[in-house]
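For reference, the structure discussed in these notes is given below.
The values are calculated or read from the model by the stated rules, or taken from the named source; none is laboratory data. No experiment lies behind these values; they were computed from the predicted model shown. Cβ sites come from the backbone with ideal geometry, for glycine too, and all protein chains shown count toward neighbours.
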């Protein structure tokens with residue numbers, strides 16, 4: 001589970017988040033909706049441990065993960081993250097990008113997992129290509145496959161389907177939903193597109209100007 | 001539009017003429033000498049005996065300087081890279097501007113520092129440290145070139161997209177992220193830095209000659225002084241040219257397609273990275289060496305000068321040299337901009353011509369400075385052209401030939417970072433060429449123009465290798481005066497001049513950094 005309690009974050013003098021609290025205790029996707037500049041990306045980065053809160057606490061799986069002045073390193077949080085841009089490492093092939101986070105797996109298991117992901121995301125035959133040899137849609141799919149590769153417990157996706165056409169977006173969303181169902185991972189999905197939010201059929205939280213403006217209650221639990 | 005393309009082509013041709021004419025004339029002289037029956041001179045191209053040893057010594061010294069500069073420069077750059085936003089973050093670019101302090105000033109400072117240390121050691125009954133020959137040349141060249149290696153490494157680290165670092169941090173430890181993602185992505189610039197340091201070291205004879213170390217580039221200068229034959233000097237320089245061109249093509253190849261983006265307003269590792277303790281010590285050690293690199297010259301020069309009146313006295317006594325240096329450097333800085341801009345535009349091409357231009361811009365960096373001077377003498381030392389030969393235009397031409405390519409690379413970095421859509425918009429709403437230039441292009445290019453002109457100004461002011469050969473009679477630059485003083489040992493006068501040069505270089509650098517930093521404030525910010 002992820003619990004965000006009264007988190008505030010400033011960038012210099014600009015307030016990005018103010019007293020935000022939310023929790024995700026059930027495996028239904030948590031969709032964060034909000035206009036540009038509402039603090040969606042900051043919230044995901046705080047959960048991932050890429051930023052430190054100025055006030056409040058974040059707990060992951062019942063243990064403290066971040067508080068002012070201290071943060072558990074990102075790679076110890078069992079989190080996968082898809083950024084707004086594919087953010088593929090340009091000096092590594094598609095296979096290199098996907099297998100980067102597969103620590104502690106045998107070579108055979110790594111190869112099998114890679115093949116599985118390439119097949120799942122229609123990337124068959126692209127394993128040897130470099131990011132600059134991929135189309136925009138392919139690069140997005142590689143980014144999602146890379147995020148899923150280490151089989152993280154928590155998936156954070158920051159508008160991962162921006163700039164994809166409607167058909168590609170529909171297919172990619174179906175794959176994400178399928179992957180989440182198979183791995184039973186907690187998904188936190190950020191978007192500014194209500195249609196996309198609806199298709200994920202998850203719990204929606206609306207963020208505006210760094211505050212939670214509205215939130216659907218978690219099934220069986222009240223929103224803090 | 002067509003007019004603008006034609007102007008650019010014309011300026012690009014001028015760039016080739018200015019930069020390659022000295023070498024081209026030496027090639028032509030070679031042909032003439034061979035047909036005149038001097039075929040036996042060709043033997044000079046193959047170094048043997050003493051010259052082979054000199055070449056090996058020069059190579060060894062330069063490789064050691066380049067390796068040392070990378071070993072200190074990369075960790076120092078990592079320290080600087082991790083500085084937060086604000087004034088310290090902006091001032092870290094001063095590390096690159098410390099290159100502006102000529103190696104001869106470092107030589108003077110370190111000679112004085114070791115002299116003082118030896119006095120203390122001897123009074124304590126211990127043997128002094130010998131500071132001559134290979135070791136002293138290596139140390140002084142290393143200290144002079146560390147800022148260049150650190151600065152280019154910093155450019156490389158800055159060009160790594162923060163999202164690429166963040167995505168690696170989620171999957172692996174911070175040290176793994178540094179070695180597998182950050183350093184490989186910054187490798188082109190780090191390698192380019194090592195290459196530049198190697199080239200500057202192997203083509204420099206001023207520092208080795210101060211420490212009684214004979215090197216190959218000094219041999220070229222000596223050959224010309226002894227025989228007055230440009231062709232013989234050129235042939236003797238061929239092995240050195242081959243080495244430098246080879247090294248250049250290897251070290252700069254990766255730079256061609258490297259991203260040279262300026263910093264986005266994002267801090268790398270906003271949450272403190274956890275690196276192994278030994279790496280922390282390495283980073284602190286390299287930062288300390290960087291501090292020593294600047295502190296030793298400043299402290300030694302200030303204590304040697306002693307008082308403000310002594311410094312002003314030595315500056316006043318060298319006012320004609322100072323004015324001459326400013327005139328040469330300012331002329332070279334201004335004249336280099338249009339031709340360097342034209343070359344930078346050509347470098348943006350992605351076709352075969354772009355690759356050819358990349359060679360044309362980087363190859364001149366491999367030419368030893370004395371050869372540029374000798375080539376210019378061959379061009380202009382003719383009866384009809386002797387008005388130019390005896391004028392201050394000669395050092396300006398030498399500086400242009402040597403440093404316009406570097407200005408082109410600085411402008412290329414700016415052109416690559418400018419959003420092409422802004423340039424396209426300028427074309428769409430184009431009303432008047434001059435207005436478009438003044439209101440759109442120049443503001444967009446201003447940081448690059450400031451950086452390029454400052455770089456040429458400082459390098460031209462400190463140029464010695466070519467200027468020493470071609471300076472018009474009765475005129476000397478400040479660097480020439482310092483160099484000749486240094487042969488007679490350090491004194492208050494030379495320390496005062498060196499301190500003045502250092503302060504001016506640092507103030508100029510600070511001014512440029514503040515301009516560039518202020519101009520970059522409107523850069524894209526991360527979506528929050």
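I'd like to verify a number: residues in the range A:1-34 that are in contact with a helix residue (DSSP H, G or I) (Cβ under 9 Å, 6 or more places away or on another chain) and in a loop (DSSP other than H, G, I, E, B), how many?
Qualifying residue count for the region: 3.
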(message) I'd like the full set of residues that are touching a strand residue (DSSP E or B) at 6+ places or on another chain (Cβ under 7 Å) and not in a loop (DSSP other than H, G, I, E, B), limited to the range A:81-106.
(response) A:81, A:82
(message) So, in the range B:358-396, exactly how many residues are over 17 Å from the mean Cα position of the chain (by Cα) and surrounded by fewer than 24 Cβ atoms within 10 Å (Cβ to Cβ)?
(response) 20
(message) Looking only at the range B:4-31, how many residues end up being loosely packed, with under 12 Cβ neighbours inside 10 Å and in contact (Cβ under 8 Å) with a residue 24 or more places away in the chain?
(response) 0
(request) Would you be able to say whether some residue in the range A:47-56 is in a helix (DSSP H, G or I), buried (at least 22 other Cβ atoms within 10 Å of the Cβ) and within 9 Å of chain B (Cβ to nearest Cβ)? (result) yes
(message) When you check residue B:212 against the structure, is it in a loop (DSSP other than H, G, I, E, B) and either within 23 Å of the chain's Cα centre (by Cα) or in contact (Cβ under 8 Å) with a residue 24 or more places away in the chain (or both), yes or no?
(response) yes
(message) If residue A:69 satisfies all but one of (1) under 21 Å from residue B:176 (Cα atoms); (2) within 11 Å of another protein chain (Cβ to nearest Cβ), what's the number of the condition it fails?
(response) (1)
(message) Just checking, does the range A:126-141 include any residue being buried (at least 17 other Cβ atoms within 10 Å of the Cβ), away from chain B (no Cβ under 14 Å) and either within 30 Å of residue A:3 (Cα to Cα) or modelled with pLDDT of 95 or more (or both)?
(response) yes
(message) Can you find a residue that is in contact with a helix residue (DSSP H, G or I) (Cβ under 8 Å, 6 or more places away or on another chain) and more than 28 Å from residue B:96 (Cα to Cα) anywhere in the range B:408-417?
(response) no
(request) Might you check whether a residue that is touching a helix residue (DSSP H, G or I) at 6+ places or on another chain (Cβ under 6 Å), modelled with pLDDT under 90 and outside any helix (DSSP H, G or I) occurs anywhere in the range A:58-80? (result) no
(message) Residues to consider are B:171, B:126; find the one that is in a loop (DSSP other than H, G, I, E, B) and modelled with pLDDT of 90 or more.
(response) B:171
(message) If residue B:252 meets every condition in (1) over 24 Å from the mean Cα position of the chain (by Cα); (2) buried (at least 21 other Cβ atoms within 10 Å of the Cβ) apart from one, which number is that one?
(response) (1)
(message) Can you go through B:184, B:130 and tell me which one is under 30 Å from residue B:203 (Cα atoms), under 30 Å from the mean Cα position of the chain (by Cα), within 14 Å of chain A (Cβ to nearest Cβ) and free of Cβ contacts under 8 Å to residues at least 12 places away in the same chain?
(response) B:184
(request) Identify, by number, the condition in (1) without any contact (Cβ under 8 Å) to a residue 12 or more places away in the chain; (2) within 13 Å of chain B (Cβ to nearest Cβ) that residue A:63 doesn't meet. (result) (2)
